[in-house]
Amino acid sequence: EKMNESIKNLISTSMESAIDHKYIIKGMSNEYGYFGIGPLQLEYNTTTTIAIICKWSTTEYEVVIRDVKSKFYGGYIVQDNFEFKYGTGSGYIPTLPANFSPPAKLKGHVECFSGNVHSIFPVYSMYTYGTMQDKVRVSYCVNEYIVNGENAKTTKWVRIGSTGYIWAEIDNIKLSYMFDFEVTKAYIKPSDSLNVCGDTSGTKMELEVIFPKANNPNTIKRDHILPNCVLLKSSKPQGFFNEDWTLYVEYKYKLLETSKANDDSDTEKVVWPADLDGENSMNRFVNPPFSLEQKENSFEVENIRYTTVAIMVYIEDHDGRIQSAVATKMLCDVVTTRCRPVEISYAYTADAIKYDLIPNSGFFTWTG
């Protein structure tokens, strides 16, 4: 009784105090006793202790304590140097500011707030005007991948009581907050040994996708739940057991990559830029005109001639999942130690008196 009274006083005091209510949320259970409330505000880069308090009556409470980690992943790119050596000899022709000849190079590294460097890669793009058609050249694109059929079999799932809800984790490390992810279909099938209403032929039951829902402004944000997690629901409350049922979650996801997806495949395609390398398309996929070599958290860029050096970095968590990205343009500049020719145009005026020779025409008149 003393504990229940203490909990009651804590709730009352917290709700009436100046504590921001985003840290305290409440809600009612549905007809099956299931709670679906949130999201609850967490503090970054620390472990937040959450108290889940269930009020059974005016005087009786039940408390469950859970620790939740909330991490912030980020970083920045640091350029360490830039090197360009002038040519020598009488035959050397200066090319600045048009381009660097011989090619220049630079070095840099990545500082992470948390997490590790997943990859460092160039993101080259160039737009050129043409008399007949403009051209866009890129060294990266957004690919979409589709997972269905037997590949959609999901082994990490659990039923939530007898409410008909199912919590599942898709075993795909490429799913990330960074890129779009959509569940297209979910269903559960009984095993051969399970008799469902006298039918053991493999009847499957369609499941409603509660989260994430595509194009639904009312759904909670993806970053309030693990990026590879889904919440499903059957048409009516029913108990599902992993040894008796097999769960299938079909989905599609996108990645920004430096290689093109196979457009001839039914399970992958390029979605940006539109119609990449199409016959009449202005968008063309090319290799960057400079080279980049990654060495753990550092990198070297060589063969810099005329283009802007743009670089992107993916930062991963301890599991190897991409959590954030950072990009920047590197500084490539030198002092030109020579004098350019200068053309000067000038004019002057002076006071003067003009005299005319009269007559100033005729056969015998000499005008000078």
Practice item. Check whether at least one residue in the range 80-97 is modelled with pLDDT of 85 or more, surrounded by 17 or more Cβ atoms within 10 Å (Cβ to Cβ) and under 30 Å from Leu226 (Cα atoms), and report yes or no. Key: no
Revision key, fill the gap. Of the residues in the range 293-306 that are closer than 19 Å to Asn99 by Cβ and surrounded by fewer than 17 Cβ atoms within 10 Å (Cβ to Cβ), the one that is nearest to the chain's Cα centre (by Cα) is Glu302
**Study point:** Residues located in the range 93-108, provided they are among the aliphatic types (A, V, I, L, M), touching a residue at least 12 places away in the same chain (Cβ under 8 Å) and in a loop (DSSP other than H, G, I, E, B)
**Key:** Leu96, Ala98
**Study point:** The one condition in (1) over 16 Å from Lys156 (Cα atoms); (2) at pLDDT 90 or above; (3) not in a loop (DSSP other than H, G, I, E, B) that Glu250 fails to fulfil
**Key:** (1)
Study note, to complete from the structure: Only one of (1) loosely packed, with under 14 Cβ neighbours inside 10 Å; (2) within 16 Å of Leu247 (Cβ to Cβ) does not apply to Gly130, and that is (2)
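The values are calculated or read from the model by the stated rules, or taken from the named source; none is laboratory data. On a predicted model such as this, the values are computed, not experimentally measured, just so you know. So basically every Cβ, Gly included, is an ideal-geometry build from the backbone, and we count neighbours across all protein chains shown.
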